[in-house]
Amino acid sequence: MSLILGTESGIIRDGDLPGPHGFFWGFIALEYYALIANRVLAILETSHHVIVIRVGGLVVAPLHLTNAWYEPRFYVSDSLLAKYAPVAAESAEVLKVSRANRRIALSGITVVTFTTRPKWGMGSVPYSGRIIIATAASTREFILLGNQRGEELAAKLNSASAMAR
């Protein structure tokens with residue numbers, strides 16, 4: 001297990017990545033789907049939504065860790081990000097780039113929690129915990145890849161959703 005204490009903010013800002021524009025801040029995470037598959041996502045806050053976009057593919061546990069694995073940007077595919085370059089984060093076009101992309105209304109978020117409980121299946125992939133976003137309709141779990149301060153990220157999302165309600 002490679003659960004690590006997050007000491008770096010992990011926050012990305014509009015312009016940090018060559019992807020979509022028009023968001024305030026975001027972070028890089030991993031999501032499991034279809035039982036055992038996973039994908040790398042950027043979770044971006046805009047004025048009205050949390051935009052979830054696919055920015056990388058399958059992550060497999062490394063046999064040997066280098067320092068790069070602790071940097072969230074390491075998991076992001078530049079070629080995938082290039083597809084988002086001309087697109088605004090709030091636009092309908094961002095949802096068309098990948099079936100994994102979705103939008104969560106800030107006003108619909110009931111709670112955002114952070115946990116450092118170990119996540120089964122992560123192997124030697126370094127991660128800083130998990131952020132869980134709950135709405136009335138669903139709950140989404142985002143695993144913070146590399147070194148990120150999950151408590152800070154969850155607090156920012158909670159604050160934004162509280163202001164939107």
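The values are calculated or read from the model by the stated rules, or taken from the named source; none is laboratory data. All of these numbers come straight from a predicted model, not from anything done at the bench. Neighbour counts are summed over all protein chains in view; Cβ atoms, including those assigned to glycine, are modelled from backbone coordinates with ideal geometry.
Descriptive notes on the structure:
- The C-beta contact set for the stretch 139-165 (first residue farther than 22 Å from residue 77 by Cβ, second residue assigned to a helix (DSSP H, G or I) and among the polar types (S, T, N, Q), distance under 7 angstrom, 6+ apart or interchain) comprises 164/107; 165/107.
- When residues of the stretch 64-90 are limited to those that are out of contact with any strand residue (DSSP E or B) (no Cβ under 9 Å at 6 or more places or on another chain), assigned to a loop (DSSP other than H, G, I, E, B) and without any contact (Cβ under 8 Å) to a residue 12 or more places away in the chain, the one farthest from residue 36 (Cα to Cα): 66
- Among the residues of this structure, residue 53 counts as one that is modelled with pLDDT of 95 or more and among the hydrophobic types (A, V, I, L, M, F, W, C).
- Scanning the stretch 1-60 for residues that are outside any strand (DSSP E or B), among the β-branched types (Val, Ile, Thr) and over 21 Å from residue 120 (Cβ atoms) gives 7, 11, 46.
- Count of the stretch 117-138 residues which are over 16 Å from the mean Cα position of the chain (by Cα), in contact (Cβ under 8 Å) with a residue 40 or more places away in the chain and at negative phi: 2
- Note on the stretch 143-165: among residues that are of a type in the set (Gly, Ala, Ser) and surrounded by 14 or more Cβ atoms within 10 Å (Cβ to Cβ), the one that is nearest to residue 29 (Cα to Cα) is 146.
- Total residues in the stretch 110-165, condition in a strand (DSSP E or B) and hydroxyl-bearing (Ser, Thr, Tyr): 7
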